[in-house]
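What follows is a single structure, written as structure tokens, with notes after it.
Taken together, the values in this text are just the output of simple stated rules run on the coordinates, not laboratory data. Predicted model only: the values in this text are computed from it and were never measured. When we count neighbours, we look across all protein chains shown, and the Cβ atoms used for this are built from the backbone with ideal geometry, even at glycine.
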Amino acid sequence: MYICFKVKKALVVMIQHNLVKFEASERSNNIAEYSIIHHNVYCLLRYPKYLYMIKRIYGTSEEILLEILLNLGQASASNVIFQSANRLKEANDDGEILDPSALYESFLKLAQDHFVIRCPKLAGNANMQKVPILEVDEKEKFTVPHLEIGPIAKLLKENATQLGDHCDSEIIWRVNHERFDVELRYVILVNAAARRVDATAGELYHLILKLWRECSNPDSPVTNALSFNAIKDAVRKNEGSSPLLLEHFEQYLRVLYEDSSSLISKIGDAGGGQFVLNYATVFENLACASLDSTILERFGSKALRLFRLTRIQKFMEQDQMQSVAMIPAKEAKMFTYKLLEHNFLQIKELKKGTSNFAPVKSFILFHVDLPQVVRTSLEACYKGLFNAVVRQKHELTDNKRLLDKHARLETLLESLRGEGLPEEELAYLSDSMTAAEKSLVARIHSMSDHLTLGQTQADDTILIFESYLKFSSMA
């Protein structure tokens with residue numbers, strides 16, 4: 001009974017945080033089947049990115065609202081606003097209470113831009129089913145009801161910790177992971193444009209992405225067309241446009257659509273030119289660049305040359321590969337079979353029979369099955385990310401006592417320095433930790449920072465591979 005209770009409690013927590021879903025079994029409508037939402041589980045690692053993104057786009061109030069909603073998993077708008085107001089009141093030194101109506105406006109912004117979404121509620125005939133059926137009206141997914149701000153403000157003044165029943169108790173919200181995925185994809189594309197050309201090109205690409213987002217479905221493999229004149233007007237009207245962009249707009253646009261990375265594709269000349277974003281092509285190029293980098297690091301430049309040639313030529317024989325790549329036969333065979341062993345190359349056998357009695361002649365061709373290679377690399381990225389997380393946790397846990405001691409000492413020294421304590425006494429207190437301990441703390445912090453950076457880079461690569469697989473299946 002105790003184990004059963006624990007299992008139920010664990011399921012409740014995971015459902016509350018959108019990590020598990022349930023539905024009626026195909027074998028019996030009276031039995032519920034539970035399944036993990038793999039993408040939402042993985043997105044737990046992206047929560048810090050979510051918070052940074054919202055703070056950069058909107059501000060601190062929206063960041064607090066999102067943080068509270070992430071901590072609660074699912075909650076009503078009133079509850080999120082109440083908890084956020086309490087958090088902001090605690091953060092203020094003078095204990096000033098923020099007007100809940102301002103937080104309500106901030107929540108409206110998050111819903112209007114689809115960063116938060118309504119959770120499904122019980123269907124009309126749900127009481128007739130043993131396994132409840134949940135549904136949500138498409139028109140209401142991002143509609144925030146009018147809230148009674150007065151009772152919330154009154155409870156805040158009374159220093160209440162719980163909101164209790166309120167007008168929108170049955171309207172529950174959660175974070176919309178799909179919308180954040182779209183925004184993270186945009187960040188990758190803008191960074192790619194900035195690296196490919198310069199920061200001004202990244203600025204222009206960011207403005208064009210905004211226009212595409214307003215007129216296109218973000219899940220469509222190709223956006224709707226934008227005219228040259230529409231892009232130019234948007235650049236002129238944008239208050240943050242740099243003088244360099246205004247002066248050399250046409251040149252930057254030409255560089256972007258003529259570049260081999262296909263960040264922008266030109267499809268016509270009407271209206272000064274028609275431009276689209278082909279997600280399938282762009283993320284294929286980004287995925288290939290990531291694979292090239294991986295092969296270069298693991299096997300060297302000669303293996304990369306063989307891989308690129310095979311990918312460009314589609315199918316190649318062994319002799320053809322070594323002659324075109326201008327690599328000695330022995331090395332070419334070694335690198336070819338290394339790539340084959342690690343699933344970066346695939347082989348296809350073609351048989352050619354000359355007659356019914358003569359032996360069959362076969363040809364072995366090497367080729368790159370890009371979706372398969374990307375899936376293999378994606379699995380390696382998952383493993384690498386997991387290893388980095390485990391390693392970081394291990395280092396911080398094993399040295400927890402030393403890190404806590406260092407943190408307490410730094411806090412004490414900062415406090416005493418503010419009180420004007422002489423430097424001699426501060427140096428004496430600082431010597432309470434030996435040089436070896438300080439060196440170890442510095443090494444742990446450096447390792448932790450490198451592992452955090454590695455996790456961020458692995459997550460960016462994972463997003464590129466996932467986006468490629470998603471859009472290539474639609475093309």
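Things worth noting here:
- Report note on the peptides 14-25, 410-421: ranked by the mean count of other C-beta atoms within 10 Å, highest first, their order is 14-25, 410-421.
- Computed on segment 188-247, the Cα convex hull volume stands at 91 Å³ per residue.
- Cα principal axis extents for segment 101-171, largest first, Å: 44, 28, 16
- Separation of the alpha carbons by more than 30 angstrom is noted, of 338/361; 55/89; 139/470; 232/314; 330/470; 266/338, for 232/314; 330/470; 266/338.
- Rounded tilt (10° steps) of 329-341 against the dominant C-alpha axis of the chain: 40 degrees
- Its residues counted as N, segment 95-240 yields a C-alpha radius of gyration over 2.2 N^0.38 Å of 1.44.
- Additional length obtainable on full extension of the chain from residue 312 to residue 2, 0.36 nm per residue less Cα span: 105.5 nm
- Computed label-point distance, nm, for sites residue 469 and residue 195 using a 7 Å Cα→Cβ extension: 2.1 nm
- For residue 364, the shell of other residues with beta-carbons less than 10 Å away shows a net charge of -1, using +1 for Lys and Arg and -1 for Asp and Glu.
- Size of the chain as Cα extents on the principal axes (Å, biggest first): 94, 72, 69
- Convex hull volume per residue in cubic angstrom - Cα atoms of segment 399-475: 117 Å³
- Listed peptides 436-442, 219-225 by packing density, highest first (mean Cβ within 10 Å): 219-225, 436-442
- Taking one quarter of the surface of the convex hull spanned by the alpha-carbon atoms of segment 45-175 gives a direction-averaged projected area of 9.2 nm².
- Placing one equal scatterer on every Cα of segment 286-432 and applying the Debye formula, the log10 ratio I(q)/I(0) at q = 0.18, 0.21 Å⁻¹ is -1.04, -1.21.
- The spacing between segment 220-260 and segment 357-405, judged by their C-alpha centroids, is 38 Å.
- Listed pairs 9/130; 9/383; 21/141 exceeding 23 Å between Cα atoms: 9/383
- Cα gyration tensor shape for segment 159-258, rounded if a/c is under 1.5, else prolate or oblate: prolate
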